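Below is one structure, written out as structure tokens; the observations come after it.
The values are calculated or read from the model by the stated rules, or taken from the named source; none is laboratory data. Note that the coordinates shown come from a computational prediction; the quantities given were computed from them, not determined experimentally. Note that each Cβ is placed from the backbone with ideal geometry, even for glycine, and that neighbours are counted across all protein chains shown. Heads up: the accessible areas ignore ligands, DNA and RNA and are worked out on the full protein's heavy atoms, side chains in. Shrake-Rupley method; radii C 1.70, N 1.55, O 1.52, S 1.80 Å.
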Amino acid sequence: RLAADDTGAQRAFAALANNLATDLRSAPQALPPEATALMLQLAQQARRAWARVGGWLEVERADYQLARCHAHAGQGDEALRHAQACLQGCLDHGADAFERFFAHEALLHAHRARQDPVAESDALTAMREMLGVIDDEASRSFAAEVLRQSVARGA
């Protein structure tokens with residue numbers, strides 16, 4: 001068991017597991033089954049670790065990661081469950097528009113994995129709404145690029 005009394009080590013582990021899951025999810029080529037399994041395992045380990053040593057924001061972002069990883073693996077129902085948890089965390093804690101934008105992005109990918117074009121369209125609409133109220137210019141620009149890429153991938 002990882003340094004149960006060392007919060008710093010547990011936070012570092014959570015961040016590392018999350019980053020490795022992101023790297024696998026973002027690979028330019030299709031993942032072999034064992035790499036997909038590793039990606040999901042890393043995202044799950046990060047979520048468990050953040051639940052122990054993080055705040056609501058880290059847990060919400062870990063749910064985002066799990067949603068994206070499950071969607072990437074073609075597991076739409078699991079992706080949807082984690083995307084809904086991500087959005088619920090945002091709503092429960094009064095998250096800003098930037099966080100809610102990415103919760104809706106997680107929903108978009110989950111709905112794509114589930115092949116639900118109506119719900120996918122709803123998620124895109126919500127992303128556009130959130131984009132319009134992101135205050136910080138750099139964050140809004142980043143989110144706009146994510147939206148552009150999301151639309152391009154769905155076309």
When residues of region 142-155 are limited to those that are surrounded by 12 or more Cβ atoms within 10 Å (Cβ to Cβ) and at pLDDT 95 or above, the one nearest to residue 100 (Cα to Cα): 143
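I'd like the full set of residues that are among the polar types (S, T, N, Q) and under 19 Å from residue 53 (Cα atoms), limited to region 16-30. Spell out how you get there, then give the answer.
Pass one, region 16-30, residues among the polar types (S, T, N, Q): 18-19, 22, 26, 29.
Of everything in region 16-30, those that are among the polar types (S, T, N, Q) and under 19 Å from residue 53 (Cα atoms) turn out to be 18, 19.
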Is it true that some residue in region 69-81 is outside any helix (DSSP H, G or I), more than 30 Å from residue 115 (Cβ to Cβ) and either open to solvent by 70 Å² or more (accessible area, probe 1.4 Å) or modelled with pLDDT under 95 (or both)? no
Matching residues in region 5-27 - criterion: being in contact (Cβ under 8 Å) with a residue 40 or more places away in the chain and farther than 21 Å from residue 67 by Cα: 7, 10
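Looking at this structure, is residue 62 open to solvent by less than 20 Å² (accessible area, probe 1.4 Å) and of a type in the set (Gly, Ala, Ser)? Before you say what the answer is, go through the steps one by one.
Values: open to solvent by less than 20 Å² (accessible area, probe 1.4 Å): yes; of a type in the set (Gly, Ala, Ser): yes.
So residue 62 passes the test.
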Qualifying positions in region 5-50 - open to solvent by 60 Å² or more (accessible area, probe 1.4 Å) and under 17 Å from residue 89 (Cβ atoms): 44, 47, 48
For region 118-141, give me the residue count where each residue is under 21 Å from residue 91 (Cα atoms) and open to solvent by 40 Å² or more (accessible area, probe 1.4 Å). 10
Odd one out for residue 111, checked against (1) without any contact (Cβ under 8 Å) to a residue 40 or more places away in the chain; (2) of a type outside the set (Gly, Ala, Ser); (3) over 30 Å from residue 6 (Cα atoms); (4) open to solvent by 30 Å² or more (accessible area, probe 1.4 Å): (4)
Select from region 82-104 the residues that are open to solvent by 10 Å² or more (accessible area, probe 1.4 Å) and closer than 19 Å to residue 21 by Cα and write down the one among them that is farthest from the chain's Cα centre (by Cα). 85
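With 90, 86 as the choices, which residue is in a helix (DSSP H, G or I), over 19 Å from residue 113 (Cβ atoms) and not small (Gly, Ala, Ser)?
90
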